[in-house]
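The values are calculated or read from the model by the stated rules, or taken from the named source; none is laboratory data. Values in this document were obtained by computation on a predicted structure and should not be read as measured data. Glycine also receives a Cβ, built like all others from the backbone with ideal geometry; neighbour counts cover every protein chain displayed.
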2 protein chains.
Amino acid sequence: MKAEIISIGDELLIGQVVNSNASWMSRELNAAGIAVERVTTIGDDVKAILSTFRRAWKENEVVLVTGGLGPTHDDISKAAVAKFFHKSLVLHKPTLRAVQERFRSLGYEKMPEINVGQAMVPEGFTALRNDRGTAPGLLFHEDGKTFVILPGVPVEMEFTMTNGVLPFLRRTYRKDLEAIRHRTLLTSGIGESVLAERIGDPTTFLRPGTTLAFLPRAGAVRLRISARGSSSRQVNADIDRAEKFIRERAGKYIYGSDDETLEAAIVKALTAVHKTLGTAESCTGGLIAAKLTEVPGASSVFMGSVVAYDNTIKESQLGVKHDTLGRFGAVSEETAIEMAEGALKKLGSDFAISVTGIAGPDGGTAEKPVGTIWLALAERGAKTGTKKLQLDFGRSLNRERAVMGALEMLRRRLADTV
Amino acid sequence: MKAEIISIGDELLIGQVVNSNASWMSRELNAAGIAVERVTTIGDDVKAILSTFRRAWKENEVVLVTGGLGPTHDDISKAAVAKFFHKSLVLHKPTLRAVQERFRSLGYEKMPEINVGQAMVPEGFTALRNDRGTAPGLLFHEDGKTFVILPGVPVEMEFTMTNGVLPFLRRTYRKDLEAIRHRTLLTSGIGESVLAERIGDPTTFLRPGTTLAFLPRAGAVRLRISARGSSSRQVNADIDRAEKFIRERAGKYIYGSDDETLEAAIVKALTAVHKTLGTAESCTGGLIAAKLTEVPGASSVFMGSVVAYDNTIKESQLGVKHDTLGRFGAVSEETAIEMAEGALKKLGSDFAISVTGIAGPDGGTAEKPVGTIWLALAERGAKTGTKKLQLDFGRSLNRERAVMGALEMLRRRLADTV
């Protein structure tokens, strides 16, 4: 069974918006048992839209389109769909009522006139409810093939996919769905080719239908095991087998799996040992705290943070000595230690991590260039550890790497402790 | 002149990785005067790769491919390129030396054997230097057409584009380059269709070759004016003209333009009036501070933050009264006010914003359901303002919206002040 996603929108082709919709849809379609063979991104251009529809409708059983369903003049997708299928647009009264109701509930006296167009549906198409916006999804099914067009605003696309499209596809293609599973092992502290040599030739341990992919990214390599087949039990067993083999060879570099983040792993580890954490942040400006508190349930282990961006705050709120700042500077091992130990005391936590550095683009010196970062990890009743990073990735990635470095430092301490 | 981007990688088709490379490349190509007509994403599959190469090489002057150039078994793109162009792979000694040197500088005794493959180049192709990794970019030019394949790791792709591909394209297609400009006006506080009615029919004020797009997203609508032409002066004048027209009709909803963020607008506004800011954050857990400190130059106006995730920290570090927490709860107008005023005092800033709420998924009650958020804005010598949000977007988006709400509150205060 073949499926293609077509993403329409000039904003995608000029690089203003990243195509996150296609990723989300692919993931959900995989989980439902449908593999996506291609994603085609084109602009708001009738000719390009029609020629792409023509090829995709010929080559696939399922074609999913997003974008260009809004109420304004630049939304041309619906007219193109009607033209492609030789259908006229007819008023769909339940949709009109829903749109009117939506405006009322948002406190408008009356619906702006241009929204009447939202309720026009190509003949023979099903209008899919969209409780998050005014453009309904549109679905057409003929001769075993399905064509769907959805609004491009992510929350609206997700609503219509979840409530309209996916249930329809699961029902309609029940007999053709495959078991498609992926498992990703997350490593850190080892490069791609060294890891590949350690694991060896994948054909010696992968069963047919199972593949292994190496996905490097800044400071980490992800190993994705994928399997497809008719039996979900067999597919899971094949993945388990491959994982076991990889763990035997590279287990100590693996910190988690799938979407697990380093911060989630830390919240889990802290929860398991009933310990609490605080942070003292300068150049990361609260980013470590923000990441940790993104994890549901963080409140049971995370006390809080002192973001001491200005040096006066390092003194007044963390008790860093004026003399220390004067002698060693704000970006120094000594200051990092006093920040972490100050946070431990102020926040009353069992652990505290601190970061102080020069993220850039300005503020560097010959002795301490941009990208110089000091990390410290304080623990109640233990000696405070430190680490220096020397980064060169620009402000945003320098901050990101500093966060990862600090979290990794804590993860290793927790792994040793437990 | 037509250009297409082909992104290769199973990780893109299963939704594991968002195709941010295509966005970055499109933006840079536009800036260089080359419009991208299509982005095609396919998996690590020789048949799909070859058939896509065939169509794209026929339809375009410039074809840019990313992905599948790594050293491991799942990287098959280079072999596919060689096959498509009927070229054999030959050892490129300067690349081999560069790869060996890279491993040495990373502290390895010797280069892993599988990296020799990185230095194999299809005959007649130019190897493009990649100082950020081991896979060189590969460029082929024939009969006025250019084919390029680049590594998929973003920092490596960006390096080879910036240093190899873009200079080549600018030089080679000098006479065919267009002036392509975009300007985006960022609005908040007004819905898409109401904004469209206010602005009116765009054909009445847009010059030929100029377009206007409405890009709605959670809580804001972006208006993008685009223009293409042979004269960059004319194109800029056309955009200025459209902007002026739109500002006359909807100026008060526009808070910035292009990539400007709300946090950058605030840093700018605070800098202009020589005022400082601090934050007191509970459910946003440092996210406001993290966003503000992402802005270069934030250090001159941002003092720091107290992330009081745990209630004991609200008392000990912000001076929220035990009685206030007991009587009104942590998520209340009273607590938000005491947090903001406490931060003002503790951090010594001119302004302080506070957030306390229930981001979810747990922690809601009948009286205070998940998504209940209180914001407060304290200012030295002025009455503290508050605002309540009632959100329903899930933990992550609830936090994001709370951040935007707090920043917007401050932005309006600053706009009134100045």
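Is it true that some residue in segment B:123-137 is surrounded by 19 or more Cβ atoms within 10 Å (Cβ to Cβ), at pLDDT 95 or above and either in a helix (DSSP H, G or I) or basic (K, R) (or both)? There is no residue in segment B:123-137 that is surrounded by 19 or more Cβ atoms within 10 Å (Cβ to Cβ), at pLDDT 95 or above and either in a helix (DSSP H, G or I) or basic (K, R) (or both). Selection of segment A:346-400 for residues being in contact with an Asp or Glu (Cβ under 6 Å, 6 or more places away or on another chain) and basic (K, R) yields only A:R380. Of all residues in segment A:75-91, count the ones that are of a type in the set (A, V, I, L, M, F, W, C) and either part of a helix (DSSP H, G or I) or in contact with a Leu (Cβ under 7 Å, 6 or more places away or on another chain) (or both). Residues in segment A:75-91 being of a type in the set (A, V, I, L, M, F, W, C) and either part of a helix (DSSP H, G or I) or in contact with a Leu (Cβ under 7 Å, 6 or more places away or on another chain) (or both): 5 in total.
Tell me which residues, restricted to segment A:344-391, are part of a loop (DSSP other than H, G, I, E, B), charged (D, E, K, R) and within 14 Å of chain B (Cβ to nearest Cβ). Those that are part of a loop (DSSP other than H, G, I, E, B), charged (D, E, K, R) and within 14 Å of chain B (Cβ to nearest Cβ): A:D350, A:D362.
If you go through segment A:16-27 and keep only what is touching a helix residue (DSSP H, G or I) at 6+ places or on another chain (Cβ under 6 Å) and surrounded by fewer than 22 Cβ atoms within 10 Å (Cβ to Cβ), you end up with A:V17, A:V18. For segment B:75-101, filtered to residues that are within 14 Å of chain A (Cβ to nearest Cβ) and not aliphatic (A, V, I, L, M), the residue that is surrounded by the fewest Cβ atoms within 10 Å (Cβ to Cβ) is B:Q100.
Taking each residue of segment A:90-106 that is touching a residue at least 40 places away in the same chain (Cβ under 8 Å) and looking for partners that are part of a helix (DSSP H, G or I) with beta-carbon atoms closer than 6 Å, six or more apart or interchain, yields A:H92/A:A119; A:T95/A:A119.
Considering (1) in contact with a Cys (Cβ under 9 Å, 6 or more places away or on another chain); (2) surrounded by fewer than 20 Cβ atoms within 10 Å (Cβ to Cβ), the lone condition that B:E367 does not fulfil carries the number (1).
May I ask you to list the residues in segment A:356-407 that are in contact with a Gly (Cβ under 7 Å, 6 or more places away or on another chain), more than 20 Å from B:G297 (Cα to Cα) and free of Cβ contacts under 8 Å to residues at least 40 places away in the same chain? Listed by number, the residues that qualify are A:L375, A:L377, A:K387, A:L389, A:Q390. The number of residues in segment A:282-312 that are surrounded by 24 or more Cβ atoms within 10 Å (Cβ to Cβ) and more than 23 Å from the chain's Cα centre (by Cα) comes to 10. Regarding segment A:105-118, can at least one residue be identified that is touching a strand residue (DSSP E or B) at 6+ places or on another chain (Cβ under 7 Å), of a type in the set (A, V, I, L, M, F, W, C) and not in a strand (DSSP E or B)? Checked against the condition, which is being touching a strand residue (DSSP E or B) at 6+ places or on another chain (Cβ under 7 Å), of a type in the set (A, V, I, L, M, F, W, C) and not in a strand (DSSP E or B), segment A:105-118 yields no hits at all.
Residues of segment A:36-58 that are aliphatic (A, V, I, L, M) and within 31 Å of the chain's Cα centre (by Cα): A:V36, A:V39, A:I42, A:A48, A:I49, A:A56.
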